[in-house]
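Chemist: Got a structure here, written out as C-alpha cells. Questions coming.
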Amino acid sequence: MPTIRPAQHADIPAITEIYNEAGVGTTASYALEPVSVADRRAWFERLSAGNFPVLVVEEEGIATGFASYGPFRHLGGYAHTVEHSVYIGSGYRAAGLGRMLMNALIDIARGNGVHAMVGVIDGGNAQSIAFHEKLGFEVSGRLPQVGRKFDRWLDVVFVTLVFS
C-alpha cells in the first residue's frame with residue numbers, strides 16, 4: 001500500500017532519478033539538462049528553509065514519486081501564492097499516486113494559509129491539464145510558444161486552485 005510522508009535526505013537520490021526521467025526526459029519540465037544529487041539537495045534545502053513541503057510517495061520502501069510547492073514569484077505581493085510540482089516515476093504512473101500526493105499537498109497548503117496554488121503545465125499535456133481540473137484547478141491562461149525543448153516550440157498552460 002502506498003504511503004505519503006515528508007521527504008528526507010535519504011530520498012534525494014530517488015527524487016533526483018525521478019525528476020531526471022519524468023521532468024528532464026519529457027516536457028513535464030522545461031529543464032534541458034539532468035540535475036545532480038547535489039542540485040536536488042540544494043533545492044530540498046532551499047524549500048525546507050522556507051518551510052515549504054516536499055512529499056514522497058513510497059511503495060514497499062521505494063520512493064516512487066514526489067511533490068512539492070514553493071514560492072510562485074519572489075515579490076511580496078505573491079506571498080500567499082505557491083507553485084507546485086508533482087512527478088511520478090516510470091512504471092508507477094496512472095495508479096493514483098499523483099492524486100494522492102496532490103491531495104496531501106493541497107491539504108498542507110490549506111493548513112498553511114496558502115490562498116492560491118499555481119501549476120505550470122506543457123500545453124500539449126492534455127492528461128496533466130485534465131488531472132488538475134479533476135482536483136479543482138482551473139485553466140487560467142496559455143502562453144504560446146514560450147518554451148523550447150526537443151527541437152520544438154511549446155506552449156505553457158497555467159492552472160490555478162484558489163482556496164476560499
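Read-outs throughout are calculated quantities, based only on the coordinates presented, and are distinct from any laboratory measurement. Source: prediction; values computed, not measured. Cβ placement follows ideal geometry from the backbone for every residue including glycine, while neighbour counts extend to all protein chains displayed.
Chemist: In segment 28-45, which residues are surrounded by fewer than 18 Cβ atoms within 10 Å (Cβ to Cβ) and under 15 Å from the mean Cα position of the chain (by Cα)?
Modeler: Once the filter is applied, which keeps residues that are surrounded by fewer than 18 Cβ atoms within 10 Å (Cβ to Cβ) and under 15 Å from the mean Cα position of the chain (by Cα), segment 28-45 yields 30, 31.
Chemist: Here's a follow-up. On the given criteria, is residue 35 in a strand (DSSP E or B) and among the β-branched types (Val, Ile, Thr)?
Modeler: When the stated conditions are applied, residue 35 does not pass them.
A quick yes/no check of all residues on (1) surrounded by fewer than 18 Cβ atoms within 10 Å (Cβ to Cβ); (2) farther than 16 Å from residue 71 by Cα; (3) of a type outside the set (Asp, Glu); (4) in contact with an Asp or Glu (Cβ under 6 Å, 6 or more places away or on another chain):
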{"residue": "102", "(1), (2), (3), (4)": "no, yes, yes, no"}
{"residue": "119", "(1), (2), (3), (4)": "no, no, yes, no"}
{"residue": "124", "(1), (2), (3), (4)": "yes, yes, yes, no"}
{"residue": "130", "(1), (2), (3), (4)": "yes, yes, yes, no"}
{"residue": "136", "(1), (2), (3), (4)": "yes, yes, yes, no"}
{"residue": "143", "(1), (2), (3), (4)": "yes, yes, yes, no"}
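Chemist: Right, next: Scan segment 33-78 for residues that are over 21 Å from residue 111 (Cα atoms) and of a type in the set (Phe, Trp, Tyr) and jot them down.
Modeler: Within segment 33-78, just 43 meets the criteria.
Chemist: Another one. Return yes or no: is residue 156 surrounded by 12 or more Cβ atoms within 10 Å (Cβ to Cβ) and farther than 20 Å from residue 32 by Cβ?
Modeler: Criteria not met by residue 156.
Chemist: How about segment 98-164: which strands (runs of 3 or more DSSP E) wholly inside it have at least 3 residues that are over 16 Å from the mean Cα position of the chain (by Cα)?
Modeler: Once the strands (runs of 3 or more DSSP E) in segment 98-164 are filtered for at least 3 residues that are over 16 Å from the mean Cα position of the chain (by Cα), what remains is 138-149, 152-162.
Chemist: Restricting attention to segment 1-32, which residues are assigned to a helix (DSSP H, G or I), in contact with a helix residue (DSSP H, G or I) (Cβ under 6 Å, 6 or more places away or on another chain) and in contact (Cβ under 8 Å) with a residue 40 or more places away in the chain? So that I can check it myself, show each step before the final result.
Modeler: Within segment 1-32, the first condition is being assigned to a helix (DSSP H, G or I), and the residues that meet it are 9-24.
Next, only the ones that are in contact with a helix residue (DSSP H, G or I) (Cβ under 6 Å, 6 or more places away or on another chain) stay: 12-13, 15-16.
Correct list: 15 only.
Chemist: Return the pairs, sorted by first residue and then second, in which the second residue is surrounded by fewer than 21 Cβ atoms within 10 Å (Cβ to Cβ) and among the charged types (D, E, K, R), the first residue lies in segment 62-77 and is without any contact (Cβ under 8 Å) to a residue 40 or more places away in the chain and assigned to a strand (DSSP E or B), the beta carbons are less than 9 Å apart, and the residues are 6+ apart or on different chains.
Modeler: So the pair list comes out as 70/46; 70/83; 71/83.
Chemist: Among the residues of segment 72-96, write down those that are of a type in the set (Gly, Ala, Ser), surrounded by 15 or more Cβ atoms within 10 Å (Cβ to Cβ) and in contact with a helix residue (DSSP H, G or I) (Cβ under 7 Å, 6 or more places away or on another chain).
Modeler: Applying the first criterion (of a type in the set (Gly, Ala, Ser)) to segment 72-96 yields 76-77, 79, 85, 89-91, 94-96.
If we keep only those that are surrounded by 15 or more Cβ atoms within 10 Å (Cβ to Cβ) as well, we get 85, 89, 95.
Of everything in segment 72-96, just one residue is of a type in the set (Gly, Ala, Ser), surrounded by 15 or more Cβ atoms within 10 Å (Cβ to Cβ) and in contact with a helix residue (DSSP H, G or I) (Cβ under 7 Å, 6 or more places away or on another chain), namely 89.
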